[in-house]
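K.L.:
Structure below; questions to follow.
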Amino acid sequence: MTKLLPSDKALVPFVSVDHMMQLIHHIGVEETLRGLADYIEADFKRWELFDKTPRVASHSDKGVIELMPTSDGDVYGFKYVNGHPSNTKAGLQTVTAFGLLADVASGYPVLLSEMTMLTALRTAATSALVARVLAPKGSTVMAMIGNGAQSEFQSLAMKAIVGITEVRLYDIDPAATAKCAENLAGQGLKVTQCTTAEDAMLGAQIITTCTADKQYATILTDNMVGAGVHINAIGGDCPGKTELAPAILQRSDIFVEYPKQTRIEGEIQQMAPDHPATEFWEVLTAKAKGRTSDKQITLFDSVGFAIEDFSALRFVRDQIADTGFFHPLDLLADPDDPRDLFGMLQRAKA
């Protein structure tokens, strides 16, 4: 067989899980979170330029597989992601993902990357960006309800971007709480392990819920939430899955990424179709108000949106330049004559 070496046009930078982890440690975990938040904020501020569509979802009784596409007119991006809550029983991740950026002018991919690790980081960076804007000023304590794979990222993002100094942990599985506490040891946070959700919320100005069960659930009841807090509800991400009692939503000012998606997948799927919700990009661009009083309950009804993944992929593409944290992947066929793909095949024949 004739060995045909791939041309530069055939090679696409591929960031593996190993390279992603090396890149994160090269930059620093908290600095990565701050960098991602900066890129997400920049793209939210140009929100109106983007193609926007709710993610394309394929649901089963076991979970969901989704595609999340968007484009700013120059660059196209998408993420493949699943959500299978029962996976952990088989030793598998609940969420796995990969993503791609492409040049709109040619359609050629310019980056392929793992996004299981990156999604955890961008989700946390988005939460902390929103909390920096909406949470009570001077917030120092966060309750972390649900201590699975996302909990450490959320805690460190709130430390790096908002300035919290204490995180209070609760999970129905004490082993998950112990795991999170061990991972956060030595990270510059006071960590308190709690035996009830109510205990975790004592003194907290920020309440983050991140549970995995694919069902209507009431992780927070109405009497658990007092005035003057910010709720970061990130567990809901598909129809039929919620974490908050409807009465909490009635008392809160609700902020969302993209209403057409959130009304299907978020906490507000429990409410009337016209229940008020403010798009967060409007707060960043001063088109809408955020927190207006100390007594206000603000709620970020977060389900994750494609523009956040686009921002994260942009960040990675910029960071890997002039580093060795990627593989040149022979992904694209590049015949000498664009019209002679078959000839390229024939020349590779023994």
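Just so it is clear, none of the values below were taken in a lab; they were calculated from the coordinates. Only a predicted model underlies this, so the values are computations on that prediction, with no experimental measurement involved. Note that each Cβ is placed from the backbone with ideal geometry, even for glycine, and that neighbours are counted across all protein chains shown.
K.L.:
Among Val15, Thr94, Ala312, which residue has its Cα positioned farthest towards the positive end of the charge dipole of the chain, with +1 placed on the Cβ of Lys and Arg, -1 on the Cβ of Asp and Glu, and the dipole taken about the Cα centre?
P.N.:
Thr94
K.L.:
Students often check this: by mean Cβ neighbours within 10 Å, which of 241-254, 287-300 ranks highest, and how do the rest follow? Working shown, then result.
P.N.:
On the way: 241-254: 19.6, 287-300: 15.8.
So the peptides 241-254, 287-300, ranked by packing, come out 241-254, 287-300.
K.L.:
Place a point 7 Å from Cα of Thr323 in the direction of its Cβ. Which residues in region 124-141 have their backbone N less than 15 Å from it?
P.N.:
none
K.L.:
Calculated FRET efficiency, Asn183 and Ala105, Cβ-Cβ r, R0 45 Å, to nearest 0.05? Write down the numbers at each step before the final one.
P.N.:
Values: r = 43 Å, r/R0 = 0.96.
Step by step, r from the Cβ atoms, then E = 0.55.
K.L.:
Going 7 Å from the Cα of Glu48 along its beta-carbon direction, which residues of region 269-284 have the amide nitrogen within less than 14 Å of the resulting point?
P.N.:
Hits in region 269-284 for Glu48 at 14 Å: 281-284.
K.L.:
Long-range amide H contacts for Thr278: which residues qualify at under 5 Å (H placed 1.01 Å from N, peptide plane, sequence gap of 5 or more or a different chain)?
P.N.:
Under 5 Å from the amide H of Thr278 lie the amide H atoms of Ile254, Phe255, Val256, each far enough along the sequence or on another chain.
K.L.:
By average Cβ neighbour count within 10 Å, what is the ranking of 339-348, 152-161 from highest down? If you can, show how the numbers build up before the last one.
P.N.:
Values: 339-348: 11.1, 152-161: 24.8.
By packing density, highest mean first, the sequence is 152-161, 339-348.
K.L.:
Can you check how the C-alpha radius of gyration of region 65-221 compares to 2.2 N^0.38 Å, as a plain ratio?
P.N.:
Values: Rg = 17.5 Å, N = 157, 2.2 N^0.38 = 15.0 Å.
Relative to the rule-of-thumb radius for its length, region 65-221 sits at 1.16.
K.L.:
Let me ask something else about it. If you rank His84, His327 by fewest surrounding Cβ atoms within 10 Å, what's the result?
P.N.:
Working: His84 19, His327 15.
With the sparsest Cβ surroundings first, the list reads His327, His84.
K.L.:
By a straight-distance test (C-alpha under 30 Å), which lysines pair with Lys349 as possible cross-link partners, with residues fewer than eight away in the same chain excluded?
P.N.:
Lys3, Lys9
K.L.:
So, with +1 on the Cβ of K and R and -1 on the Cβ of D and E, and no other charges, what is the size of the charge dipole of region 123-305 about its Cα centre, to the nearest 20 debye?
P.N.:
With Lys and Arg at +1 and Asp and Glu at -1, about 500 debye.
K.L.:
Placing +1 at every Lys and Arg Cβ and -1 at every Asp and Glu Cβ, with all other atoms neutral, what dipole size does the chain have around its Cα centre, in debye to the nearest 20?
P.N.:
Values: 31 positive and 44 negative charges, 46 e Å.
Charge dipole of the chain: 220 debye, to the nearest 20.
K.L.:
Further question: What distance in nm separates the two pseudo spin-label positions at Ile264 and Leu332, each 7 Å out from Cα along the beta-carbon direction?
P.N.:
Rounded to a tenth, the inter-label distance reads 3.1 nm.
K.L.:
Using Cα positions and a limit of under 26 Å, work out the lysines in reach of Lys45, with same-chain residues fewer than 8 apart set aside.
P.N.:
Here the lysines satisfying the reach criterion relative to Lys45 are Lys79, Lys137, Lys159, Lys260, Lys287, Lys289.
K.L.:
In the calculated pair distance distribution of region 123-305, what percentage of Cα-Cα distances lie above 24 Å?
P.N.:
Working: 4902 of 16653 pairs.
The answer is 29 percent, as a whole percent.
K.L.:
Mind checking which aspartates and glutamates have their Cα closer than 17 Å to the Cα of Lys89? Skip sequence neighbours fewer than 8 apart in that chain.
P.N.:
Straight-line reach from Lys89, under 17 Å: Asp61, Asp171, Asp173, Asp213.
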